[in-house]
Amino acid sequence: MVAPFDFAISATDGRARTGTLRMARGEIATPAFMPVGTAGTVKAMKPADVRASGADIILGNTYHLMLRPGAERVARLGGLHEFMGWSGPILTDSGGYQVMSLSELTKVNEEGVAFASHLDGSRHLLSPERSMEVQTLLGSDIVMAFDQLVKTTDPIDAQRAAMERSMRWARRSRDAFDALSNVSALFGIQQGGLDEGMRAASAEALSQIGFDGYAVGGLAVGEGQEAMFACLDFAPAQLPEDRPRYLMGVGKPDDVVGAVARGIDMFDCVLPTRSGRTGQAFTRDGPINIRNARFAEDPEPLDPDSPVARWSKAYLHHLVRSGEILGAMLMTEHNLWFYQRLMRELREAIAGQRLAAYAAAFVTRYRGQAGPDRLKS
């Protein structure tokens, strides 16, 4: 039995789309931002509070969960949803990025990636088949194909080889996923660096295999916003129009606005949660560092509509400077709410055919200066 998976676009404005992704565990309004719950928790937040922020779906990570507490253990305990107390959909990253970025002594070959755990140095092999197995054991609602990530600054031959290998791994991911009688959805990941031709070849290979959704991978790895937007000027349009498009690991609020204008439907990033824990709050007037002395006697809230508006910037300053756990909790709650409000406003702007005006006004205020034309669709 195949679980319900339907993506319906309700309105467009330029290349931007708004709609609904329907799954067995709930509906996801798009464009959507997924809070990151890497190890089975959105740090400093209870699941009910994540839901209250407006999030329809969260992200978990194959690499971290397979190492601790172990996918087989999570499965024995009822799956990731039961384990962490989240009833909505969960997307799991395939683990490829973390293998490359966190692990020592990695060795990549056609079989997969052999790596040493960053926790205890134990050796593991993560392959397309093992990634599909782990994500199935976790009970993921959206499973990501296993791919090889390289930097956009690597030699072009290395980028092409990684893209072509990722497409072979995508085929193996599809076959392994289907063999598991999986009731989840499977997303393929487009690679190809910043090169339009390689991105097109990747998109064609993925389309031939067939996936429920498609991700634009390999960006937000240090290339800068201008280069990322230049790639997004062509990459999303190379993917099937009737399927959701997911930009992995993005990003800052103005990154999100520009990517939505270019046709992206789904996002994830650690920025709102990580920033909250380190004292950075997102506001309409740009990010602020609550540790700064100028907030020590500021009686105003971060935002009068924020769920933490009961507390002043001065109190948040005190909590964060004192290292109090409540400081991380309140700052994170605010940041997640800010991101979800942004997504709601983007959806409303697309539906009302006024995205260009909304995006320009948002970026101008957020950056404190006139936003560049590149943010327009």
Exercise. Which numbered condition trips up P89, out of (1) out of contact with any Ser or Thr (no Cβ under 6 Å at 6 or more places or on another chain); (2) modelled with pLDDT under 95?
Worked result: (2)
Problem set entry | Condition broken by P244, with the remaining ones in (1) surrounded by 24 or more Cβ atoms within 10 Å (Cβ to Cβ); (2) free of Cβ contacts under 8 Å to residues at least 24 places away in the same chain satisfied | (2)
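Quick one: how many residues across region 313-336 are in a loop (DSSP other than H, G, I, E, B) and acidic (D, E)?
1
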For this session: Spot the failing condition for L239; the list is (1) within 17 Å of G263 (Cα to Cα); (2) at pLDDT below 95, and only one is missed.
Result: (2)
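So that you can scan it fast, the table gives a plain yes or no per residue for (1) touching a Lys or Arg at 6+ places or on another chain (Cβ under 8 Å); (2) on the phi > 0 side of the Ramachandran plot; (3) of a type outside the set (S, T, Y):
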position	(1), (2), (3)
P4	yes, no, yes
A8	yes, no, yes
T12	no, no, no
T18	yes, no, no
M23	no, no, yes
T30	yes, no, no
F33	no, no, yes
G40	no, yes, yes
K43	yes, no, yes
Problem set entry | Those residues of region 264-312 which are of a type outside the set (A, V, I, L, M, F, W, C), within 30 Å of A39 (Cα to Cα) and not in a loop (DSSP other than H, G, I, E, B), in sequence order | D268, P272, T273, R274, S275, G276, R277, Q280, N289
For this session: Evaluate region 83-93: report whether one residue or more is over 23 Å from V183 (Cα atoms), of a type in the set (S, T, N, Q) and buried (at least 20 other Cβ atoms within 10 Å of the Cβ).
Result: no
For this session: Determine, yes or no, whether Y315 is aromatic (F, W, Y), in contact with a Gly (Cβ under 7 Å, 6 or more places away or on another chain) and modelled with pLDDT of 95 or more.
Result: no
Seminar exercise, completed: Within region 231-248, restricting to residues that are outside any loop (DSSP other than H, G, I, E, B) and aliphatic (A, V, I, L, M), the one that is nearest to the chain's Cα centre (by Cα) is L247
Problem set entry | Those residues of region 1-34 which are closer than 24 Å to P272 by Cα and acidic (D, E), in sequence order | E27
Exercise. So which of F33, F83 ends up being more than 23 Å from L125 (Cβ to Cβ) and assigned to a helix (DSSP H, G or I)?
Worked result: F83
Exercise. Just to be sure, is T278 within 24 Å of R365 (Cβ to Cβ), polar (S, T, N, Q) and out of contact with any helix residue (DSSP H, G or I) (no Cβ under 8 Å at 6 or more places or on another chain)?
Worked result: yes
Exercise. Is it fair to say G251 is crowded, with 19+ Cβ neighbours inside 10 Å and part of a loop (DSSP other than H, G, I, E, B)?
Worked result: yes
Exercise. With (1) touching a helix residue (DSSP H, G or I) at 6+ places or on another chain (Cβ under 9 Å); (2) closer than 26 Å to P4 by Cα as the list, and L21 as the residue in question, which single condition is left unmet?
Worked result: (1)
Exercise. If we scan region 34-53, do we find a residue that is under 30 Å from A235 (Cα atoms), assigned by TED's automatic domain parsing to the domain that holds V256, among the charged types (D, E, K, R) and surrounded by 15 or more Cβ atoms within 10 Å (Cβ to Cβ)?
Worked result: no
Problem set entry | Close pairs (7 angstrom Cβ cut-off, 6 or more residues apart or separate chains): farther than 16 Å from M45 by Cβ and in the same structural domain as R294 (by TED's automatic domain parsing) in region 311-331, surrounded by 17 or more Cβ atoms within 10 Å (Cβ to Cβ) and among the aromatic types (F, W, Y) anywhere | K313/F295; A314/F295; H317/F295
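The values are calculated or read from the model by the stated rules, or taken from the named source; none is laboratory data. Given the structure is predicted, the values throughout are model-derived calculations rather than measurements. Cβ: placed from backbone, ideal geometry, glycine included. Neighbour counts: every protein chain shown.
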